[in-house]
Amino acid sequence: MSLVLFSISWVGIIYSFNCFLQKKLLIPDVKMMSLYIATVTLIGAFGEVFLSTVYTFIVGHPLWVYHFLPIHHAYTSYYSFFMWGLYGFHLYLLHGHLKNNKIF
């Protein structure tokens, strides 16, 4: 239960930070936001497994080992899906800010 509250609190923190950054209340496009979250989650989780697998093959020991909710030889964690999803949410909001200010 504490992980759920932790994740929800970070959604609020990320949203508040990006609203502060843009100086307005943001209304997310649910389809585009979901695309960002799903894409970053999949790339992040599978990227962790791929990178650690290649590193283990070359060096002989894992680059990192997850001890909290580990999956796939502890190269990643069930909780990493939430963390990568939060990063995707942040990228979605930040990309909107960069696009609106013609920075990107």
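The values are calculated or read from the model by the stated rules, or taken from the named source; none is laboratory data. Here the structure is a predicted model, which is why all the values come from computation and not from measurement. Positions of Cβ are backbone-derived with ideal geometry, glycine not excepted, and every protein chain shown enters the neighbour counts. These area figures cover heavy atoms from the full protein model, side chains too; ligands, DNA and RNA do not enter into them. Shrake-Rupley method; radii C 1.70, N 1.55, O 1.52, S 1.80 Å.
Evaluated against (1) assigned to a loop (DSSP other than H, G, I, E, B); (2) farther than 29 Å from Ser16 by Cβ; (3) open to solvent by 60 Å² or more (accessible area, probe 1.4 Å), Phe68 falls short on exactly one condition, (2).
Just to be sure I understand, how many residues within segment 71-99 are buried (at least 19 other Cβ atoms within 10 Å of the Cβ) and in contact with a Gly (Cβ under 9 Å, 6 or more places away or on another chain)? Matching residues across segment 71-99 total 5. Which one of the conditions (1) touching a Ser or Thr at 6+ places or on another chain (Cβ under 6 Å); (2) surrounded by 15 or more Cβ atoms within 10 Å (Cβ to Cβ) does Leu63 fail to meet, given that it meets all the rest? So the condition that Leu63 fails would be (2). Assess whether Tyr15 counts as being touching a residue at least 24 places away in the same chain (Cβ under 8 Å), surrounded by 14 or more Cβ atoms within 10 Å (Cβ to Cβ), in a helix (DSSP H, G or I) and touching a Leu at 6+ places or on another chain (Cβ under 8 Å). Yes; evaluated as a whole, the condition is true for this residue.
Selection of segment 18-34 for residues being open to solvent by less than 90 Å² (accessible area, probe 1.4 Å) and either hydrophobic (A, V, I, L, M, F, W, C) or in a loop (DSSP other than H, G, I, E, B) (or both) yields Cys19, Leu21, Leu26, Pro28, Asp29, Met32, Met33. When each of Ile37, Ile43 is tested for being open to solvent by 80 Å² or more (accessible area, probe 1.4 Å) and of a type in the set (Val, Ile, Thr), the lone residue that passes is Ile43.
Is segment 54-61 home to any residue that is more than 22 Å from Val4 (Cα to Cα), modelled with pLDDT under 90 and more than 17 Å from the chain's Cα centre (by Cα)? Steps first, please.
Taking segment 54-61 as the starting set, the residues that turn out to be more than 22 Å from Val4 (Cα to Cα) are 54-61.
If we keep only those that are modelled with pLDDT under 90 too, we end up with none.
No, that holds for no residue.
Please go through segment 35-65 and give me each residue that is in a helix (DSSP H, G or I), farther than 30 Å from Cys19 by Cα and touching a helix residue (DSSP H, G or I) at 6+ places or on another chain (Cβ under 8 Å), ordered by number. Selection gives Glu48 alone. For segment 71-104: of the residues being within 13 Å of the chain's Cα centre (by Cα) and part of a loop (DSSP other than H, G, I, E, B), which is farthest from Ser16 (Cα to Cα)? Ranking the candidates gives Tyr78 first.
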